[in-house]
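Visitor: Mind looking over this structure? Questions follow.
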Amino acid sequence: VDEKLYGVTRLPDLSALLDSFESDWSGFVHRLTNMRKAILNANRDGMLLDITGDGVVLDGAMESAKVFLMDRLPLDVGKKPPPTPDFRSVPHPWIDAARKDMNAKDAVQDEGIVVSTQVAYVGQGGRIYDVGEKVSGSTSVVSHYLTTGYMWDTVRAKMGAYGAYSSFSSSDGVVTLYTYRDPNSPDDTLKAFDGAADDILTATSSALIQDNNAAITTAVIGTIGSLDGSAKSAESAGWTALIRWLRGESAKSRQRWRDEVLNTKVDDFTDFENRLKSWRKSSIAIVASQSAFDDLSSKGMKLSLVKAQRI
């Protein structure tokens, strides 16, 4: 979904939309009208209105908000819409079509995006947890340790990349290593990525157990800092609360994750290292110049190339 909305494959769709806007205004308006009808004819029970404010403001606004959603929005004459399911417990009707489209057009592959640049942006990711497998909060500690340790020391400080990071998504079990404004040949950066798991293995028998596990404590503190962050604005707090509600994320589950972060042990690093060495469906994505890809091709690396285009 992110790729469809914000990725490079979205550019042709936006270009076609712009052509429609300029060459077929009446058709464009017709599409907008149909979108409006779809929204207005939807079941009112399925509409969400996210409001953020203090208790007094919300208490005073709730009745007016309910009247607005249920009675004030215009309703096109037509058949009564079906009740809205709870899509946290049943599949959304878009899912099947999205999966078919994803498998047909966006199968897991090594990809290169050609742009005019003197640096590169290199990413490699893969699944280390299967669907339905329990993910511990300790994974975020290890990922943080990789970013501030190996990725910083090796890829950023020694190799000169402006940014080097490790990211782990607990929702899909995918870990990603990536760089930003990287002056190195992408294949050298990928070789450095290959050393990440070995670095964790070495650390479990040396750095992580020194000074009463001080390195783990530092990683835990950094992870908790990332979870808490700075004080949120009202807008950010409201948006975060809405996303948590849509996901069905409870305070209990967040506390469980936090407890697992605080109780991270050396064994958790070892487990992450073993998973990282055998990650599944790993793929590579590189943003670089045409000459950089020509060099990679001469070295035997096969990538599916996409040329970024201006709209």
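Visitor: Per DSSP H run of at least 4 residues, take -39500 (n - 2.57); add these up for the chain, divide by its residues and hand me the 222 nm value, nearest 500 deg cm²/dmol.
Guide: Details: 13 runs with 148 residues, N = 311.
About -14500 deg cm²/dmol.
Visitor: Provide the per residue accessible area, probe 1.4 Å, for region 235-277, rounded to a whole number of square angstrom.
Guide: Values: 2860 Å² over 43 residues.
Heavy-atom accessible area per residue stands at 67 Å².
Visitor: Taking Rh as the Kirkwood radius, which is the inverse of the mean 1/r over Cα pairs, what is the Rg/Rh value for region 141-186? Before the final figure, lay out the partial values.
Guide: On the way: Rg = 11.0 Å, Rh = 10.8 Å.
With Rg and the Kirkwood Rh in hand, the quotient comes to 1.02.
Visitor: Here is a follow-up. What helices in the chain pass both tests, a Cα length along the helix axis of 27 Å or more and a mean Kyte hydropathy of 0.0 or higher, using whole DSSP H runs? Walk me through the intermediate numbers first.
Guide: Working: long enough: none.
Correct list, ordered by number: empty.
Visitor: Filter the chymotrypsin sites (Phe, Trp or Tyr not before Pro) in region 124-223 to those in DSSP coil with at most 14 other Cβ atoms within 10 Å of their Cβ, and list the result. Mind showing how you got there, number by number?
Guide: Numbers: sites: Y129, Y145, Y150, W152, Y162, Y165, F168, Y178, Y180, F193; in loops: Y129, Y162.
Passing sites in region 124-223 are Y162.
Visitor: Between rounded, prolate and oblate, where does the chain land on the alpha carbon gyration tensor, with a ≥ b ≥ c its root eigenvalues, rounded for a/c under 1.5, else prolate if a/b exceeds b/c? Display every interim value, and only then the final one.
Guide: On the way: a/c = 2.32, a/b = 1.33, b/c = 1.74.
Verdict is oblate for the chain.
Visitor: List the trypsin sites (Lys or Arg not before Pro) within region 208-311 that DSSP assigns to loop and that have no more than 15 neighbouring Cβ atoms inside 10 Å.
Guide: On the way: sites: K232, R244, R247, K252, R254, R256, R258, K265, R275, K277, R280, K281, K299, K302, K307, R310; in loops: K232, K265, K299, K302, R310.
The qualifying sites are K232, K265, K299, K302, R310.
Visitor: Going by Cα centres, region 232-263 and region 128-197 are how many Å apart?
Guide: Their Cα centres are 24 Å away from one another.
Visitor: What are the residues whose amide H is under 5 Å from the amide H of V115, where those residues sit 5 or more places off or on another chain and H is modelled from the backbone?
Guide: Sorted by chain and number, the residues that satisfy this are A288, S289, Q290.
Visitor: Kirkwood hydrodynamic radius, computed over distinct alpha-carbon pairs, for region 84-219: how many Å, to one decimal?
Guide: Details: mean 1/r = 0.0576 Å⁻¹.
Value: 17.4 Å, from the Cα pair sum.
Visitor: Next up: Could you pull out the pairs from K4/K307; K252/K281; K66/K100 whose alpha carbons sit more than 28 Å apart here?
Guide: Numbers: K4/K307 17 Å; K252/K281 32 Å; K66/K100 38 Å.
Result: K252/K281; K66/K100 exceed 28 Å.
Visitor: Still on this structure: If I compute solvent accessible area with a 1.4 Å probe over the protein chains, what percent of it on region 134-260 is carbon and sulfur?
Guide: On the way: 3580 of 6790 Å².
So the carbon and sulfur contribution to the accessible surface is 53 percent.
Visitor: For K302, give me every one of the aspartates and glutamates with a C-alpha distance below 15 angstrom, ignoring sequence neighbours fewer than eight places off in its own chain.
Guide: Leaving aside aspartates and glutamates fewer than 8 places away in the same chain, those within reach of K302 are D110, E111, D187, D294.
Visitor: What shape does region 179-260 take by its C-alpha gyration tensor, where a ≥ b ≥ c are the square roots of the eigenvalues and a/c under 1.5 counts as rounded, a/b above b/c as prolate, and the rest as oblate? Working shown, then result.
Guide: On the way: a/c = 2.54, a/b = 1.49, b/c = 1.71.
Taking the square roots of the gyration eigenvalues as a ≥ b ≥ c, region 179-260 is oblate.
The values are calculated or read from the model by the stated rules, or taken from the named source; none is laboratory data. Because the structure is predicted, anything quoted here is derived from the model rather than measured. Virtual Cβ from ideal backbone geometry, glycine too; neighbours counted across all protein chains shown. Only protein heavy atoms, including side chains, enter the accessible area calculation; ligands, DNA and RNA are left aside. Shrake-Rupley method; radii C 1.70, N 1.55, O 1.52, S 1.80 Å.
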